[in-house]
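Remarks on the structure that follows.
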Amino acid sequence: MVYNLEVVMTSHIAKIVEIVGSSEKSWQDAAQAAVSEAKKTVRGIKGLEVQDMTAKVDPNTGNITQYRVCVKRAFGIEH
């Protein structure tokens, strides 16, 4: 996993958080849901890494009913 630590690290320590977002529309909406929730408690989000994309499928229709995205975000620790 590679993060641009010049952007991330405002101190000498970075924290990495993993967030899972979900959506009934798309993986893009699921990623946005994860970022929207994270920005409530994390400042300075400038990027993320999509770690995993999964989906829930209706066994009767074979249609995707929910998109899920696991993203990782690194940020500098404030003192």
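Laboratory data are not the source of any read-out in this text; all were calculated from the coordinates shown. Just so it is clear, the structure is predicted and the values come from calculations on it, not from any experiment. Here the Cβ is made from the backbone with ideal geometry for all residues, glycine too, and neighbour counts use every protein chain on show.
Placing a label point 7 Å from the Cα of K15 along the Cα-to-Cβ direction, the residues of segment 39-72 whose backbone N falls under 16 Å of that point are 39-46, 72. Each label was represented as a point 7 Å from its Cα along the Cα-to-Cβ direction; for S36 and S22 these points are 1.6 nm apart.
For segment 22-79, the relative contact order works out to 41 percent when only alpha carbon pairs closer than 8 Å and six or more residues apart are counted.
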